[in-house]
Structure formats: structure tokens, C-alpha cells
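First up is the structure itself, then whatever we jot down about it.
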Amino acid sequence: MSKKIKNQQPYLLKLNINKNDYLLEKNISFQKEFSPMSGAELKYEPQKWNIPGVIDSHNCYGYALGKKIKELKPNKQQPGYASGHTHIPNSQYECKYFLKRLKKDAPSSYIEKFDNPCIPGFYKVFMALDKENDYHWYAQNNDGYWSHKPGLSEVPI
């Protein structure tokens, strides 16, 4: 079993910026060690996600949104599934397509900067995107740290 890594800030190992990708900022630097919170962040409770029937049917997207669902479509939760979209093709592995699907699944979601708190009732999630291969979602917990659920594996403890 892996240990929970205490990262205050999300970090990037490699960043390929498309000059037309309007969601990314060049030369990102954070002014604060922890991202300010709104008070609505989810409690870090891996034991609720690391149980049979949940661990093997829920992934990073459902975890970041804090949504456990009973009836899953094939291939686990994906951005847009809750609003009727089909699987996202690799040709659409761009922030704008994921944002569109997220907004359909969670219409009140919005973009906020790391150094700003969310409006009351909201918390931060972020998506890491490797345009050639995959994407992964993280959520900020009520302790200020970030956690995730790697695919159909356990939430790291």
C-alpha cells in the first residue's frame, strides 16, 4: 500500500503548451504554499473509496468530483458521461474539450487560480493532461493537501 504524499501544490513534470490553449498560463508561479480554501473541500477519507464495489468501479474523475454512483457505463466514469457524451477520443485531448464536458456534468463549475479561494460552497480540482496519452484528476482536501484515485486502484494512504 502506498503512502499519502503531502503535496501542498500541484506540480508539473513536463509541460507542452499549445499556443492556442487558452486555459494555460506560461511561467506559472504560485505566491502561496497552500491554495486558499473555501471551507467546502472534501474530507480526505480513502477508506470510503478503497472498498470492494467502489475501488474497482470508480476512478480519478468520480473521486475528484466526490461522486459515487450506482450504475456505471462501461470503462468507468469519464468527463461528459453524466451528461450523455460518449467516450472522449484522443483527438480531443485538449483542455477546451474537457472543460466543455465538465461544465455539462457540473454546470456551476468554474475556473479559479491556485492563489485564490473558491467561492463559498466550491472546492478546487485540477486535471493533469498529457495530450498524447492520458489525463488525471486531483481534488484539494479539507486539510489543504491534494489527493487522487489512480484509475481503478486504491486512493493512496
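Since every read-out is calculated from the coordinates, none of them should be taken as a lab result. Model, not experiment: these values are computed from the prediction. No Cβ is skipped: glycine too gets one built from the backbone with ideal geometry, and neighbour counts run over all protein chains shown.
So which trypsin sites (Lys or Arg not before Pro) in region 67-157 are both in a DSSP loop and have at most 16 other Cβ atoms within 10 Å of their Cβ?
Details: sites: 67, 68, 70, 76, 96, 100, 101, 103, 104, 113, 124, 131; in loops: 67, 68, 70, 76, 113, 124, 131.
Taking region 67-157 and a limit of 16 other Cβ atoms within 10 Å, the loop trypsin sites (Lys or Arg not before Pro) found are 67, 68, 70, 76, 113, 131.
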Counting other Cβ atoms within 10 Å of each Cβ, which GluC sites (Glu not before Pro) in region 35-121 have at most 10 and sit in a DSSP loop?
71
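Order of 61, 138 from fewest to most other C-beta atoms within 10 Å?
Values: 61 25, 138 19.
Least crowded to most crowded, the residues run 138, 61.
Given a Förster distance of 30 angstrom, what is the FRET efficiency for residue 40 paired with residue 104, based on the Cβ-Cβ distance and rounded to 0.05?
Details: r = 21 Å, r/R0 = 0.71.
Efficiency, rounded to the nearest 0.05: 0.90.
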What residues qualify as long-range amide H neighbours of residue 146, i.e. H under 5 Å apart, gap of 5 or more or another chain, H built at 1.01 Å from N?
7, 141
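Is there a pair in 43/149; 32/124; 32/104; 76/103; 32/100 whose C-alpha atoms are over 22 Å apart, and which pairs would that be?
On the way: 43/149 14 Å; 32/124 15 Å; 32/104 31 Å; 76/103 19 Å; 32/100 29 Å.
Exceeds cut-off: 32/104; 32/100.
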Under the Karplus relation with 6.51, -1.76 and 1.60 and θ = phi - 60°, whole-Hz ³J(HN,Hα) for region 35-51, x at Gly and Pro, equal 6, x, 10, 9, x, 9, 4, 6, 6, 6, 9, x, 4, 7, 9, 9, 10
